[in-house]
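Shown next, in structure tokens, is the structure this report addresses.
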Amino acid sequence: MFVGQAPGWEEDKAGLPWVGQAGQFLAAVMEMVGIPSAQAYMTNLVKCYPGKKRGGGGDAEPPPYAIEACSNWFKEEYDRIQPACIVAVGAVAMRYFGIPGGVNLNAGRLFHTPQWGPVLVIRHPAGIMRRPAEAPAFITQFHAIHTTLAGPLTPPPFEEVS
């Protein structure tokens, strides 16, 4: 289950999450590393577009009251999907799941949360599109998702050699 902060204007207009440029980039990276985007559930914490940042530079973060207003709806989605793992896309989603610190520090790390289970943090693809030099690290974060979903590795039994 991939969880972002809020829809962009393209998603808000279409009424579907992750269909804009950032969502298309996210799906392309998922496919590239072997995570079929058709098998992932994509959603946002807030269900309406929060508008542009003042002064430009992307979309505004949803205000806390908007996140609170949509929290029951998100919890119903979570209960219905029962994901094996949540992928928190960006800092707003990361903080919602109770993970402290910065998104750059936590990107690619798995956290075991009491309420939500395993939560893996990744940077937001919109930010990567603005800073292409960070793309290799972003792709590495997806390998962490793949590893998390694969589960623990069981070593083969030890055989003594005489």
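Output the residue which, of all residues in the stretch 78-92 that are closer than 20 Å to Leu26 by Cβ and out of contact with any Gly (no Cβ under 9 Å at 6 or more places or on another chain), is most open to solvent (accessible area, probe 1.4 Å).
Looking only at the stretch 78-92, we keep the residues that are closer than 20 Å to Leu26 by Cβ, and these are 78, 81, 83-92.
Then keep just the ones that are out of contact with any Gly (no Cβ under 9 Å at 6 or more places or on another chain); that gives 78, 81, 87.
Working: Tyr78: 41, Ile81: 59, Val87: 4 Å².
The extreme case among them is Ile81.
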- Task: Go through (1) surrounded by 14 or more Cβ atoms within 10 Å (Cβ to Cβ); (2) touching a residue at least 60 places away in the same chain (Cβ under 8 Å); (3) out of contact with any Ser or Thr (no Cβ under 9 Å at 6 or more places or on another chain); (4) not in a helix (DSSP H, G or I) one by one and return the number of the condition Val19 breaks.
- Result: (2)
- Given (1) of a type outside the set (D, E, K, R); (2) under 22 Å from Pro7 (Cβ atoms); (3) outside any helix (DSSP H, G or I), His112 misses just (2)
- Enumeration of residues in the stretch 115-138 that are under 18 Å from Gly4 (Cβ atoms), open to solvent by 40 Å² or more (accessible area, probe 1.4 Å) and in a helix (DSSP H, G or I): Met129, Arg130, Glu134
- Query: Can you spot a residue in the stretch 54-70 that is part of a helix (DSSP H, G or I), at pLDDT below 90 and surrounded by fewer than 20 Cβ atoms within 10 Å (Cβ to Cβ)?
  - Reply: no
- Task: Would you confirm whether any residue within the stretch 136-155 is within 19 Å of Val29 (Cβ to Cβ), in contact (Cβ under 8 Å) with a residue 40 or more places away in the chain and small (Gly, Ala, Ser)?
- Result: no
- Query: Is at least one residue of the stretch 93-112 in contact with a helix residue (DSSP H, G or I) (Cβ under 9 Å, 6 or more places away or on another chain), touching a residue at least 60 places away in the same chain (Cβ under 8 Å) and surrounded by fewer than 13 Cβ atoms within 10 Å (Cβ to Cβ)?
  - Reply: no
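Condition test on Lys75, is it open to solvent by 40 Å² or more (accessible area, probe 1.4 Å), over 18 Å from His143 (Cα atoms) and assigned to a loop (DSSP other than H, G, I, E, B)?
The answer is no for Lys75.
Restricting to the stretch 36-53, give me the number of residues that are at pLDDT below 90 and open to solvent by 60 Å² or more (accessible area, probe 1.4 Å). Talk me through it step by step, then tell me what you get.
Start the filter on the stretch 36-53 by keeping residues that are at pLDDT below 90, which leaves 36-39, 51-53.
The next check asks that each one be open to solvent by 60 Å² or more (accessible area, probe 1.4 Å); those that pass are 38-39, 52-53.
Within the stretch 36-53, residues that are at pLDDT below 90 and open to solvent by 60 Å² or more (accessible area, probe 1.4 Å) number 4.
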- Query: Taking Phe25 and the conditions (1) surrounded by 12 or more Cβ atoms within 10 Å (Cβ to Cβ); (2) without any contact (Cβ under 8 Å) to a residue 40 or more places away in the chain; (3) within 20 Å of Ile128 (Cα to Cα), which numbered condition does it fall short on, given that it satisfies the others?
  - Reply: (2)
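The values are calculated or read from the model by the stated rules, or taken from the named source; none is laboratory data. Keep in mind it's a predicted model, so treat the numbers as computed, not measured. Please note: Cβ atoms are built from the backbone with ideal geometry, for glycine as well, and neighbour counts cover all protein chains shown. Remember, those area values only see protein heavy atoms, side chains included, never the ligands or the DNA or RNA. Shrake-Rupley method; radii C 1.70, N 1.55, O 1.52, S 1.80 Å.
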